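Enquirer: One structure, as structure tokens, below. Some questions next.
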Amino acid sequence: MTHRATLDFLLHDWLHAEDLNQRERHTDHNRETYDAVLDLSEKIASEQFAPHNRLTDVQEPEFDGVKVHLPKETPVALQAFNDAGLMGASKDPELGGMQLPTVVEMASMSFFYKASVSLAAYPMLTRGNANTILAHGTPLQIDVFAKGGFEGRTFGTMCLSEPQAGSSLSDIATKAVPDVRGDGSGIDWAQDALGPRHRLTGNKMWISGGEHEMGENIVHLVLAKIPGEDGKTIPGVKGISLFIVPRKLVKQDGAITDQRNDVALAGLNHKLGYRGTVNTLLNFGEGKFLVNGQAGAVGYLIGKHGEGLKCMFTLMNEARISVGLGATMLGYAGYEASLAYALQRPQGRRMGAGGKDHSAPQISIIEHTDVKRMLLQQKAIAEGGLALGLLCARLVDEEYTGTAAEAEHAGLLLELLTPIAKSWPSEWAQEANSLAIQILGGYGYTRDFPVEQYWRDNRLNMIHEGTHGIQGLDLLGRKVVMNGGKALSVLAERISQTIQKAGQIDGLAVHSNALAQALQKVGATTKAAWSTGLPEEALANATPYLQGFGHTVLAWIWLELAIAAKAALSSGHSPLGEGFLHGKLAACDYFFNFELPKIDAWLGVVARRDMTCAQVQADWF
């Protein structure tokens, strides 16, 4: 109940999603259609995803040497998702979509992430894959490869990492050479209507959804390097190109053939969590499945030669926001589970003036202050993280349907907030899951209750789509200084508007002042970090900067939510109820009183350009 009510509050009391109906793209929609989509999403998630979350955790994917076997419930659940038209919900009708605002599509997905994040990973990756082809592909590539993804007929992956390279994409070794027949016929397959055709050889690691029997096909998006005339590849990221590599070869009219592409499963990875998502090591071009008598996986160049990473960032940035929302909803699931437990678990008695009366009945543990503290922290993290994810989705809508000025403004904010949207929930929702286990006590460690699985699943999100360290370097090393700090200025202006508004509202002025001080500290710290112009000093504490910046952003969001809650309370006729709204105000109080003060320690080492960690030598450990 709390999840759906919070979505309604965020979408309508805060983000005013219905305002988007005034824009040409969304004129066919209204509050009723949004509610219908959310009702349907909640129903499918609760009936087809949630009941199988534990099953897919214990019955992991298996490879028999020929095929990957998944629980029979997995394709049934995903088919229900696809049949509802949710895969391409925000896309045009000709792509199988409903032209929903992105913010509503993201709200819809929150139900599936909470119900079973490992099952939801399949549509998340497929949608991102198809969106990338839509953004950078040719019309024929879109029709042949993206449309099937949006319609739910095919699945998609992203193939970046390699066993020897990990996150260091500049060191990938997968190669792509123009596809010329080697039989002496002189026939050049490289000139293909589906795009410049190449043969890929190499290995890709940690590929989620990389091999299974679901759908009609799997469309891989693969980063690889094209050698020059000297046979050598260009070092660094400038030499990387992006290729569409289908599991089964496709004709130019979109028909999928029975011919397997030269993409072979080398093995499955068995992870701590997300066990329902098949995770693979793939070999491209090893010769297991010859195409036209030759080894080499057939791939079609998407975008320009050497701009593969630029194209792939469309998928990576979308995945980062999605991973953040998935982490949030795991935290939310743990919060709801521990709240339900705390409400019904009797333990202990009230403390009176003369001590405890042991003849009195026990009280529910939610009456204990420390349990309330842990629940408030979870609430502040889960609901704040959900608000952050939906804010990013709303910015996407502004980019695509707003005026030129609104689109520029939204684009800058989205770029700046993406590292936060990925990393903040990944770190703090994991803490929320730990608190959920704590509230359940010894039961929290058992598989009789779901909170231990939520914790295991969420632990992966700290690494998914770039570690905290990578996000911190991106934020401090690029995002806050790009275009002369323009994005940071836009954010500061937005936060300042909130500060001014909150300062005029009874009960929020103290938080308004605290946020003003935090914003000033972020600005001063940013300048201090770069004051010497030496990257090794500025970036030595990029992760603490990320933490301090992230907490400041979430304090801003919670102050925004408090303003909306105050307005709803003053109206006197909110359908959400006074208890619900007072809960939002309490979570805001908690965040400002317990969480925001933490930024001083984080930002302090950044401002001082502390080199403690940077100067430690390897042989000191």
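The values are calculated or read from the model by the stated rules, or taken from the named source; none is laboratory data. None of these values were measured; they are calculated from a predicted model. Here the Cβ is made from the backbone with ideal geometry for all residues, glycine too, and neighbour counts use every protein chain on show. All accessible areas refer to the heavy atoms of the entire protein, side chains included, with ligands and DNA or RNA removed. Shrake-Rupley method; radii C 1.70, N 1.55, O 1.52, S 1.80 Å.
Enquirer: If you go through the range 336-348 one residue at a time, do you hit one that is out of contact with any Gly (no Cβ under 9 Å at 6 or more places or on another chain), open to solvent by 20 Å² or more (accessible area, probe 1.4 Å), among the polar types (S, T, N, Q) and closer than 20 Å to Ala17 by Cα?
Expert: No: zero hits.
Enquirer: Also: Right, Arg153: among the basic types (Lys, Arg) and open to solvent by less than 30 Å² (accessible area, probe 1.4 Å) or not?
Expert: no
Enquirer: Right, here's the next one. Give the number of residues within the range 217-257 that are basic (Lys, Arg) and closer than 21 Å to Phe150 by Cβ.
Expert: 3
Enquirer: Within the range 425-451, restricting attention to residues that are within 17 Å of Ala115 (Cβ to Cβ) and either open to solvent by 10 Å² or more (accessible area, probe 1.4 Å) or modelled with pLDDT under 95 (or both), which residue is farthest from the chain's Cα centre (by Cα)?
Expert: Phe449
Enquirer: Mind telling me which of the residues Asp610, Asp589 ends up being more than 30 Å from Gly485 (Cα to Cα), charged (D, E, K, R) and open to solvent by 10 Å² or more (accessible area, probe 1.4 Å)?
Expert: Asp589
Enquirer: Just to be sure I understand the filter: pairs with C-beta atoms under 7 Å, separated by 6 or more residues or on different chains, first member in the range 32-44 and under 16 Å from Ala115 (Cβ atoms), second member open to solvent by 20 Å² or more (accessible area, probe 1.4 Å) and among the small types (Gly, Ala, Ser). Which pairs pass?
Expert: Note: pairs meeting the criteria are Leu40/Ala84; Ile44/Ala80; Ile44/Ala84.
Enquirer: Additional query: Quick check on my filter: what residues within the range 50-89 are within 30 Å of Glu398 (Cβ to Cβ) and either outside any loop (DSSP other than H, G, I, E, B) or open to solvent by 10 Å² or more (accessible area, probe 1.4 Å) (or both)?
Expert: Phe81, Asn82, Ala84, Gly85
Enquirer: All but one of (1) in contact (Cβ under 8 Å) with a residue 12 or more places away in the chain; (2) touching a helix residue (DSSP H, G or I) at 6+ places or on another chain (Cβ under 7 Å); (3) over 21 Å from Ala327 (Cα atoms) hold for Met482; which doesn't?
Expert: In the conditions (1) in contact (Cβ under 8 Å) with a residue 12 or more places away in the chain; (2) touching a helix residue (DSSP H, G or I) at 6+ places or on another chain (Cβ under 7 Å); (3) over 21 Å from Ala327 (Cα atoms), Met482 misses (2) alone.
Enquirer: Among what's in the range 90-133 and is charged (D, E, K, R) and assigned to a loop (DSSP other than H, G, I, E, B), pick the residue that is surrounded by the fewest Cβ atoms within 10 Å (Cβ to Cβ).
Expert: Within the range 90-133, the match that is surrounded by the fewest Cβ atoms within 10 Å (Cβ to Cβ) is Asp92.
Enquirer: Within the set of pairs 6 or more residues apart or between chains, which connect a residue that is in contact (Cβ under 8 Å) with a residue 60 or more places away in the chain and over 25 Å from Ser338 (Cα atoms) inside the range 349-370 to a residue that is open to solvent by less than 80 Å² (accessible area, probe 1.4 Å) and acidic (Asp, Glu) with Cβ atoms less than 9 Å apart?
Expert: Within 9 Å, no pair qualifies.
Enquirer: Could you pull out every one of the strands (runs of 3 or more DSSP E) wholly within the range 180-287 that has 1 or more residues that are of a type in the set (Gly, Ala, Ser) and modelled with pLDDT of 95 or more?
Expert: 197-208, 218-225, 240-246, 263-268
Enquirer: A further question on this structure: Which condition does Gly202 not pass, out of (1) under 30 Å from the mean Cα position of the chain (by Cα); (2) open to solvent by less than 10 Å² (accessible area, probe 1.4 Å), if it passes all the others?
Expert: Condition (2) is where Gly202 drops out.
Enquirer: Also, quick follow-up: From the list Met329, Met351, which one is at pLDDT below 95 and either over 30 Å from Thr132 (Cβ atoms) or open to solvent by less than 30 Å² (accessible area, probe 1.4 Å) (or both)?
Expert: Met351
Enquirer: Hey, another quick one. Looking at (1) touching a residue at least 40 places away in the same chain (Cβ under 8 Å); (2) crowded, with 19+ Cβ neighbours inside 10 Å, find the lone condition where Leu519 falls short.
Expert: Leu519 satisfies every listed condition except (1).
Enquirer: If you don't mind, there's one more thing I want to ask. Give the range 2-39 a look and list any residue that's open to solvent by 70 Å² or more (accessible area, probe 1.4 Å), of a type in the set (S, T, N, Q) and assigned to a helix (DSSP H, G or I), or say none.
Expert: Selection gives Gln22 alone.
Enquirer: Right, another one. Could you please find all residues in the range 478-494 being surrounded by fewer than 16 Cβ atoms within 10 Å (Cβ to Cβ) and under 21 Å from the mean Cα position of the chain (by Cα)?
Expert: Arg478
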